[in-house]
Amino acid sequence: MGLVFRGAAEAGLGAASAADRPGPPDAVPNPTPTPPAEGADPGSSRGPGMVLKAFFPTCCASADSGLLVGRWVPEQSSAVVLAVVHFPFIPVQVKELLAQVQQASQVGVTVLGTWCHRRQELEESLGHFLEGLGAIFSHKPWFQLCRERGSKSWSCKATHWRGPASPAASGEDQVMLIFYDQRKVLLSQLHPPMALPDRQAGDTTASAGGLAAVFDTVARSEALFQSDRFNEGPVRLSHWQSEGMEASILVELAKWAAGPVCLFLACLLSLISAASSCRVFKLWPLSFIWSKLSTCEQLRHRLEQLTLIFSTRKAKNPAQLMRKANMLVSVLLDVALGLTLLSWLHRKDLIGQLADALIPVADHVAEELQHLLQWLMGAPAGLKMNRALDQVLGRFFLYHIHLWISYIHLMSPFIERILWHVGLSACLGLTVALSILSDIIALLTFHIYCFYVYGARLYCLKIHGLSSLWRLFRGKKWNVLRQRVDSCSYDLDQLFIGTLLFTILVFLLPTTALYYLVFTLLRLLVVAVQGLIHLLVDLINSLPLYSLGLRLCRPYRLAAGVKFRVLEHETGRPLRLLMQVSIACILPCSSKGLREPG
Amino acid sequence: MEDEQSFSDICGGRLALQRRFYSPSCLEFCLSCPRITLRSLTAVTCSVWLAAYGLFTLCENSMILSAAIFITLLGLLGYLHFVKIDHETLLIIDSLGIQMTSSYASGKESTTFIEMGQVNDVVINEAIYMQKVIYYLCILLKDPMEPHGISQVVPLFQSAKPRLDCLIEVYRSCQDILAHQKATSTSPEGGDKIISASNRRSHSGMGAYWHRQEDKSEQDHDPASRIGHCDYVQSFMHTR
């Protein structure tokens, strides 16, 4: 160790003057004042006996002795250790490396102290050597972390270096060690979004308080983690990537290929959306039809989603990235399910069977409706209907059904071809196929919809008439100007005719009400079936499968905060805490995690 | 250093408060709720199976019995994993934050950590709960917009629901650490906080708070004198 030190002295230490032979620091005269004697930190009003926090990466706990490299956050009075520089090293090269990292990452990385991982008690010379290092890389406060090999006992000291002139004035503070997993902290993306590119080097983020500053420091120091132990650099570092940088070939290839592919697809999609928004499609009958068909709705939704996914703008924050990823996964799943459906349909030639079965099914439905109407025209459920009105309504609806059946029979030669093309649309996704199915159901049950509309209109007219004549019966009138019921004096003939009409409507009420009830129930049935299909479509559209997958496979990506655990504690030793990333649970009755300010 | 005391909760059940003193700046309180008793378990199981047997005699379908067994097992597992809390822990670390952990009977733990920068104060609040008036300990969070305002109230020990004597123990230790933290705070408003910490502090805002003297010399006094009178009482709705 002494060799290295003398070598360091010979290599020239530049502005930082230091002892050129190992010995107690106070015995060596220091001609030039050391840099940290610039006075107390302006922002801190630390008193003696305060607890300093040292965030130590778990991967460095078993590393060899060396220097601690990281960032000191004065507002939190905490030191974030990012890496350990091993012996032997040349101080000038270490300082050069730190300056490079500082420039590249805008994080004020400095040497914070010494780290000692030894087998037995500290030797005198080693102790003095370590203190001498404090003179070279002067930093206030200077941390001295020490651990016995193979045991869990740690010791740390933090000294204020007030200058060699008055070493007795250097106070010692208590240190609290907080272990953190660098990899998890980086990958969980708990840090605030990327800072603006024109920040000053070493500038602390004003808005990131507390632990967010720690995460920010770790996240922005990527440049420090680039060199691993296989690099032949002058300085040997130890951090979470020192065993080799983690990367996946597939991910890198995908990232490289994503650029041109996204560009191409974005152009294609913009062409399609431009074509679909041209004026021809906005004319009245077409726009009305488009708004009614759920297929068009679904196609438009998918187009929007695809445009968002393949847009060349990068996602601004993790939430947007997650949303994009969820959309992509749901689109892929949709297309996969659609292709499965298509292959299943074609394998069993179901389309032909479906087309053959459609006409008899429609006929059967029409026959059932006719039976229903015959039943209504008789004495349904024992109720006695008004014979004349019953016959009129019944015949009216029977004629409609007859029209419908003829229409279906007209269409029958084209059904198979239409169904085949519809089946082909399943390539675009299962949701599109389901939307088309829902539209086909709507078209096939159009007569039920018509019956419902007739029955509802008739019933509505009857109810309005009844309420108005009931008011007349009591001698009242609806005042349209004042929107209230007022009394009114009617003439005798008005009263007479009004009462007659009222009686007629009242006695015709059960018939109309029954028709209305029956057709509303039929319509509800159709709406329920369509509603189920739309529910399925919405489920496929909006299920966040990517987040669910992350929750199962890589839970730390969905981190919601941190939690602390106190490790074994002996009196006289510093307090040790383990900081773990806590996962956002899907269920509501669980952890809520860190609350960020603002 | 660890010590254990026995208290009771608002319904009369036995609670055990374990206090672990790691260092002057780190303290942990562990409150153990009363365990699930064999009597209640037997009662629930017997009632479910009697009902199932009654249905079986009506319907003559043996699936009902197997369904009852299934339901009982699933219900017990669900209860242990999602509902029954074994113990609640409060960990206060000076200058880091406050962490609350609830451990369920099946071993699941759910943790909430609040940074010290967001903690305004820890107080004992009074509430109307059904037909009772109870006390609960809560953390007041700072409002980022208003420097002295309160944005949120986070109640502690919601499942254990200890009585006032237990809460006072926890409250005293929390206040020691909070006062120490405010006295040695390095934030720009540290100067004001040091001065105000030694004076009387009163809180305004939501709910009813305890007006108390932050004078260190009064810490050993009778707890009753430290608890002031509420201005009004707010109702406390359990959302569980």
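The values are calculated or read from the model by the stated rules, or taken from the named source; none is laboratory data. What you see is a predicted model; the values in this text were computed from it and never measured. Reconstructed Cβ throughout: ideal geometry from the backbone, glycine too, with neighbour counts over all protein chains shown.
Every condition in (1) surrounded by fewer than 18 Cβ atoms within 10 Å (Cβ to Cβ); (2) touching a helix residue (DSSP H, G or I) at 6+ places or on another chain (Cβ under 9 Å) holds for residue A:239 except the one numbered (1). Residues of the range A:217-226 include at least one that is in a helix (DSSP H, G or I) and either among the acidic types (Asp, Glu) or farther than 22 Å from residue A:189 by Cα (or both). Looking across the range B:60-93, the residues that are loosely packed, with under 15 Cβ neighbours inside 10 Å and either among the basic types (Lys, Arg) or not in a helix (DSSP H, G or I) (or both) come down to B:60, B:61, B:62.
Every condition in (1) surrounded by 14 or more Cβ atoms within 10 Å (Cβ to Cβ); (2) under 30 Å from residue A:365 (Cβ atoms) is met by residue A:551 except one, and the failing one is (2). Report yes if residue B:205 is more than 23 Å from residue B:34 (Cβ to Cβ) and modelled with pLDDT of 85 or more, otherwise no. Answer is no for this residue. All conditions but one from (1) in contact (Cβ under 8 Å) with a residue 12 or more places away in the chain; (2) part of a helix (DSSP H, G or I); (3) loosely packed, with under 14 Cβ neighbours inside 10 Å apply to residue A:251; the one that does not is (1).
For every residue, the table says whether it meets (1) modelled with pLDDT of 80 or more; (2) surrounded by fewer than 16 Cβ atoms within 10 Å (Cβ to Cβ); (3) within 17 Å of residue A:186 (Cα to Cα).
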residue	(1), (2), (3)
A:558	no, no, yes
A:579	yes, no, yes
A:587	no, yes, no
A:592	no, no, no
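Checking A:78, A:105, A:65 one by one, the residue that is over 21 Å from residue A:223 (Cα atoms), surrounded by fewer than 21 Cβ atoms within 10 Å (Cβ to Cβ), of a type in the set (Ser, Thr, Tyr) and out of contact with any Pro (no Cβ under 8 Å at 6 or more places or on another chain) is A:65 and no other. On the stretch given as the range A:539-574, residues that are among the β-branched types (Val, Ile, Thr) and away from chain B (no Cβ under 14 Å) total 1.
Scanning the range B:5-24 for residues that are more than 15 Å from residue B:90 (Cβ to Cβ) and either in contact (Cβ under 8 Å) with a residue 24 or more places away in the chain or not assigned by the TED database to the domain that holds residue B:162 (or both) yields B:8, B:9, B:10, B:11, B:24.
Residues in the range B:137-156 that are assigned to a loop (DSSP other than H, G, I, E, B) and closer than 17 Å to residue B:121 by Cβ were compared, and the one that is nearest to the other protein chains (Cβ to nearest Cβ) is B:144. The combined condition, being crowded, with 17+ Cβ neighbours inside 10 Å and closer than 24 Å to residue A:448 by Cα, is not fulfilled by residue A:562. Give the number of residues within the range A:551-569 that are touching a residue at least 12 places away in the same chain (Cβ under 8 Å), outside any strand (DSSP E or B) and aliphatic (A, V, I, L, M). The total comes to 2. Looking across the range A:41-84, the residues that are β-branched (Val, Ile, Thr) and at pLDDT 85 or above come down to A:58, A:69, A:80, A:81, A:84. If you go through the range A:269-304 and keep only what is over 14 Å from residue A:436 (Cβ atoms) and touching a residue at least 40 places away in the same chain (Cβ under 8 Å), you end up with A:269, A:301.
Whether any residue in the range B:22-44 is basic (Lys, Arg) and surrounded by 13 or more Cβ atoms within 10 Å (Cβ to Cβ) is what I want to check. Checking the range B:22-44: not a single residue is basic (Lys, Arg) and surrounded by 13 or more Cβ atoms within 10 Å (Cβ to Cβ).
Which of the numbered conditions does residue B:92 fail, given that it passes all the others? Conditions: (1) among the β-branched types (Val, Ile, Thr); (2) more than 14 Å from every other protein chain (Cβ to nearest Cβ); (3) within 27 Å of residue B:160 (Cβ to Cβ). Among (1) among the β-branched types (Val, Ile, Thr); (2) more than 14 Å from every other protein chain (Cβ to nearest Cβ); (3) within 27 Å of residue B:160 (Cβ to Cβ), the lone unmet condition for residue B:92 is (2).
For residue A:416, the conditions (1) touching an Asp or Glu at 6+ places or on another chain (Cβ under 9 Å); (2) crowded, with 19+ Cβ neighbours inside 10 Å; (3) at pLDDT below 85 all hold with the exception of (2). Meeting the requirement of 3 or more residues that are within 14 Å of chain A (Cβ to nearest Cβ), the strands (runs of 3 or more DSSP E) wholly within the range B:1-55 are B:14-23, B:26-32.
Each row is one residue, and each column tells you yes or no for (1) β-branched (Val, Ile, Thr); (2) within 13 Å of chain A (Cβ to nearest Cβ); (3) at negative phi.
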{"residue": "B:71", "(1), (2), (3)": "yes, no, yes"}
{"residue": "B:103", "(1), (2), (3)": "no, yes, yes"}
{"residue": "B:130", "(1), (2), (3)": "no, no, no"}
{"residue": "B:133", "(1), (2), (3)": "yes, no, yes"}
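The residues of the range A:240-279 that are modelled with pLDDT of 85 or more and among the aromatic types (Phe, Trp, Tyr), listed by number, are A:256, A:264. The test for being farther than 30 Å from residue A:488 by Cα, touching a residue at least 24 places away in the same chain (Cβ under 8 Å) and hydroxyl-bearing (Ser, Thr, Tyr) holds for residue A:438. Within the range B:113-140, being over 30 Å from residue A:212 (Cβ atoms), more than 16 Å from the chain's Cα centre (by Cα) and without any contact (Cβ under 8 Å) to a residue 40 or more places away in the chain holds for B:130, B:131. Return yes when residue A:405 is closer than 30 Å to residue A:374 by Cα, out of contact with any Cys (no Cβ under 7 Å at 6 or more places or on another chain) and part of a helix (DSSP H, G or I) and no when it is not. For residue A:405, the condition - closer than 30 Å to residue A:374 by Cα, out of contact with any Cys (no Cβ under 7 Å at 6 or more places or on another chain) and part of a helix (DSSP H, G or I) - is met. Might you let me know whether the range B:112-119 holds any residue that is in a strand (DSSP E or B), within 13 Å of chain A (Cβ to nearest Cβ) and in contact with a helix residue (DSSP H, G or I) (Cβ under 8 Å, 6 or more places away or on another chain)? Yes: the range B:112-119 contains one or more residues that are in a strand (DSSP E or B), within 13 Å of chain A (Cβ to nearest Cβ) and in contact with a helix residue (DSSP H, G or I) (Cβ under 8 Å, 6 or more places away or on another chain).
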